[in-house]
Each structure stands twice: as C-alpha cells, then as structure tokens.
Amino acid sequence: MFKGLAAQRLLALFVSGWLLFDFPLLGLWDRNATLLGVPLFPAALFILWALLIALLAWQMERPGQTHQDD
C-alpha cells in the first residue's frame, strides 16, 4: 500500500502529529507558565504546529527525490 520510503515517512509524520495533538501529550503543556510573555499552552501549540509543517515541507521538497503522480 505505502511503497517507498517517502510514503512511509509521510505516514510517520501524520501519526506523530496525531499523537502530539492528542490529549495525553497535549496536557503536558497546560501549565500556568509563560514563554516570552505568551501563555505556555498556545505557544506550545503554535511551535509544534510550525515544526510539523516545516518537517512536512522538508520531506516533500528534498533534493534528488522523484515524485510519482498516480
């Protein structure tokens, strides 16, 4: 079903994002603390979201990789 290393990496990114934004792990950031004046929970959400998008963009735009359109 998922042939090739790129498809497996995309699946791993999906599962990682799902786990990062699921309740048990997301509850770790729900504290009364601030990060540069911003409450920790929204700051952590934004940082995790941006990191996931950056990893996805890096995976999709890797040089020397051919993309097959099915």
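Quick notes on this structure:
- When the test is whether a residue is at pLDDT 90 or above, surrounded by 11 or more Cβ atoms within 10 Å (Cβ to Cβ) and either touching a Gly at 6+ places or on another chain (Cβ under 7 Å) or among the β-branched types (Val, Ile, Thr) (or both), residue 48 does not pass it.
- Whichever residue in segment 1-41 is on the phi > 0 side of the Ramachandran plot and of a type outside the set (A, V, I, L, M) and, among such residues, is surrounded by the most Cβ atoms within 10 Å (Cβ to Cβ): 4
- The residue pairs whose first member lies in segment 30-45 and is free of Cβ contacts under 8 Å to residues at least 60 places away in the same chain, whose second member is in a helix (DSSP H, G or I), and whose beta carbons are closer than 7 Å, counting only pairs six or more residues apart or on different chains, are 30/41; 31/40; 33/40; 34/40; 35/43; 40/29; 41/29; 44/29.
- Summed over segment 1-27, the residues that are free of Cβ contacts under 8 Å to residues at least 40 places away in the same chain and touching a helix residue (DSSP H, G or I) at 6+ places or on another chain (Cβ under 8 Å) give a count of 8.
- Among the criteria (1) assigned to a helix (DSSP H, G or I); (2) over 22 Å from residue 57 (Cα atoms); (3) of a type outside the set (A, V, I, L, M, F, W, C), the one residue 17 does not fulfil is (2).
- Number of the exception - residue 66 against (1) modelled with pLDDT of 90 or more; (2) assigned to a loop (DSSP other than H, G, I, E, B); (3) β-branched (Val, Ile, Thr): (1)
The values are calculated or read from the model by the stated rules, or taken from the named source; none is laboratory data. Since we're looking at a predicted model, the values are computed, not measured. Here Cβ is always computed from backbone atoms with ideal geometry, including for glycine, and neighbour counts include all displayed protein chains.
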